[in-house]
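Everything on this sheet refers to the single structure shown next.
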Amino acid sequence: MRGIKALKKIAFEKKGYDGFLVTNEANVLYFTGFSVRALSPCILVSRTGEPTAYVYSVNYEQVKDEGKEFNVELVKKGENLGAKIADKARSLKMKKLGLDMVAGVPYVADYRQLVEVLKGIAKVEVEDKLVRQLRSIKDQGEIKLMREAGRLTSLGMKAAYETIKPGVREYEVAAQIEYEMRSNGSWGTAFETIVASGVKSAFPHGGCSDRKIKRGDLVIVDIGATCQFYCSDMTRTFIAGNPSEKQKRICKVVKRAQEKALQAIRPKAEAKDVDATARKTIKDTGYGEYFVHGLGHGVGLEVHELPTLSSQSKDKLEIGNVVTVEPGIYMIDFGGVRFEDTVLVGKSKIEKLTNQLYDYNIG
């Protein structure tokens, strides 16, 4: 059970909770290690005894088989999950109950019932950042899985490099990428594959359509594989033909911005300062207004986690963080350029989990 001890230490010793209810799907997966997402709608962790996993009948037998270190309680058809949890909290004399996020409770009615039943008995407080901060520091087991996710993502990008050419449709490129990642061991994609060509590349999340790639197009490819649910995130920009001088100039600016940002990443670095390093590089070349998003984000069981690398971020980088570094320039009616890698923050240096494999010009 990854993280349960740490959760208890923070939630009970530091925050003063008597119990903590975990409802977010990724958080449940983090603590339980179940082989399939959403097997259990929630787990209740108490000061004493084993955590309790609440499970609907469709997943009951699998959770009993996999959840060896959990009490497993069946939620029968027609039972109110919130009331059931409240009964358990009351029996354990919980006076203060932490909740990772309201949105994670399967039904709003369950949350309301939980609060209503515990009225006058226990106070329910939403503590949405506690578990996310725990998850932001990866242990060696998680890092091993993320290295593999990065390797698989790099294979997918190799397939993109080999497939992109004038006349090929965006979805054909995406199909080859996903086949390559899956056939080499990926459990799935971390997000919807992006292959955005031509003027569509000017949209940071340009999607993937039936558009045929044209000679001279900028093509942004943003992909991610998963390994046992752990994600990777990687973007490359290709040019389907000989690049124009403007295209070459913008690609070089974005690459330089990424290199500067990578050099600024270290333990205790302010995330906003890393963002500022890349942003200044782009601004100094006259393209500042076209860098329209934050520099990056944490990655793990979800493709967007803590810490956040942006101008507004209050996060500091720590050893064990895994983050993306993805500066970009996006010019409407011209196209966009983005280069992105997933990197691990180490004690003395970073480790790039995705590989810088290709130049932008694919001929």
- Matching residues in the stretch 222-240 - criterion: being more than 20 Å from the chain's Cα centre (by Cα) and in a loop (DSSP other than H, G, I, E, B): ALA240
- Query: So which pairs qualify, if the first residue must be in the stretch 253-278 and closer than 15 Å to PHE339 by Cα and in contact (Cβ under 8 Å) with a residue 40 or more places away in the chain, the second must be of a type in the set (Val, Ile, Thr) and surrounded by fewer than 18 Cβ atoms within 10 Å (Cβ to Cβ), the Cβ gap must be under 6 Å, and the two must be at least 6 apart or on different chains?
  - Reply: VAL253/THR285
- Task: Scan the stretch 279-316 for residues that are among the acidic types (Asp, Glu) and either more than 24 Å from ILE137 (Cα to Cα) or in the same structural domain as PHE31 (by TED's automatic domain parsing) (or both) and report the count.
- Result: 2
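This table checks each residue for (1) of a type in the set (S, T, N, Q); (2) assigned to a loop (DSSP other than H, G, I, E, B); (3) closer than 13 Å to ILE239 by Cα; (4) outside the structural domain of LEU295 (by TED's automatic domain parsing).
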residue	(1), (2), (3), (4)
GLU192	no, yes, no, no
ALA196	no, no, yes, no
SER201	yes, no, yes, no
GLY206	no, yes, no, no
ASP210	no, yes, no, no
ARG215	no, yes, yes, no
ILE220	no, no, yes, no
- Message: Against the condition under 17 Å from GLY336 (Cβ atoms), of a type in the set (Asp, Glu) and in contact (Cβ under 8 Å) with a residue 12 or more places away in the chain, how does ASP222 come out, does it pass?
- Response: yes
- Got at least one residue in the stretch 113-131 being small (Gly, Ala, Ser) and in the same structural domain as VAL28 (by TED's automatic domain parsing)? yes
- Task: Take the stretch 14-27 and flag every residue that is more than 25 Å from the chain's Cα centre (by Cα) and closer than 23 Å to ARG90 by Cβ.
- Result: LYS15, GLY16, TYR17, ASP18, GLY19
- Please determine, by comparing only the residues of the stretch 155-192 that are over 20 Å from VAL299 (Cβ atoms) and among the hydrophobic types (A, V, I, L, M, F, W, C), which one is surrounded by the most Cβ atoms within 10 Å (Cβ to Cβ). VAL173
- Give the residues of the stretch 134-180 that are in contact with a strand residue (DSSP E or B) (Cβ under 7 Å, 6 or more places away or on another chain), among the β-branched types (Val, Ile, Thr) and part of a helix (DSSP H, G or I), sorted by residue number. ILE143, THR153, VAL173, ILE177
- Query: Which condition does GLN140 not pass, out of (1) surrounded by 13 or more Cβ atoms within 10 Å (Cβ to Cβ); (2) at pLDDT 85 or above; (3) over 19 Å from TYR17 (Cα atoms), if it passes all the others?
  - Reply: (1)
- Task: For residues that are within 19 Å of the chain's Cα centre (by Cα) and farther than 24 Å from MET146 by Cβ, scanning just the stretch 193-216, find the one that is surrounded by the fewest Cβ atoms within 10 Å (Cβ to Cβ).
- Result: GLY207
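The values are calculated or read from the model by the stated rules, or taken from the named source; none is laboratory data. The shown structure was predicted, so the numbers you read here are calculated from the model rather than taken from an experiment. Neighbour counts run over all protein chains shown; Cβ positions are idealised from the backbone, glycine included.
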